[in-house]
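Q: What follows is a single structure, and I will ask about it in a moment.
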């Protein structure tokens, strides 16, 4: 079996990363403050985690799929 090297290309720029991180924090605190457990709160938690993950990694799977990049010269 051959091993292939996977290359992850950063496609999320600095400003985009800051906005994603800010949105993740806001969503998380709204969720915590509401204190309710429901399907909506689970979806908000999932969205918050996805935003935080893409902000920290600098890679957005949706951007990769669509061929988009906000990274510009941030690489």
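The values are calculated or read from the model by the stated rules, or taken from the named source; none is laboratory data. Since this is a predicted model, take the numbers as computed values, not measurements. For neighbour counting, all protein chains shown are included, and Cβ atoms are generated from backbone atoms with ideal geometry for every residue, glycine included.
This table checks each residue for (1) loosely packed, with under 15 Cβ neighbours inside 10 Å; (2) at pLDDT below 95; (3) over 10 Å from the mean Cα position of the chain (by Cα).
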| position | (1), (2), (3) |
| --- | --- |
| 22 | yes, no, yes |
| 27 | no, yes, yes |
| 33 | yes, yes, yes |
| 36 | yes, yes, yes |
| 48 | no, yes, no |
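Q: A follow-up question, please. For the range 12-61, which residues satisfy the criterion of being part of a loop (DSSP other than H, G, I, E, B) and closer than 30 Å to residue 72 by Cα?
A: Selection gives 12, 13, 58, 59, 60.
Q: Kindly indicate whether any position in the range 61-75 is in contact (Cβ under 8 Å) with a residue 60 or more places away in the chain and surrounded by fewer than 11 Cβ atoms within 10 Å (Cβ to Cβ).
A: Yes, that holds for at least one residue.
Q: Evaluate the following for residue 53: is it surrounded by 14 or more Cβ atoms within 10 Å (Cβ to Cβ), more than 13 Å from residue 13 (Cα to Cα) and out of contact with any helix residue (DSSP H, G or I) (no Cβ under 7 Å at 6 or more places or on another chain)?
A: Yes.
Q: Collect the residues in the range 1-24 that are over 18 Å from residue 71 (Cα atoms) and free of Cβ contacts under 8 Å to residues at least 12 places away in the same chain, keeping them in residue-number order.
A: Within the range 1-24, 1, 2, 3, 4, 5, 6 qualify.
Q: Still on this structure, please answer the following. So residue 70 ticks every box in (1) more than 10 Å from residue 11 (Cβ to Cβ); (2) assigned to a loop (DSSP other than H, G, I, E, B) but one. Which box is left unticked?
A: In the conditions (1) more than 10 Å from residue 11 (Cβ to Cβ); (2) assigned to a loop (DSSP other than H, G, I, E, B), residue 70 misses (1) alone.
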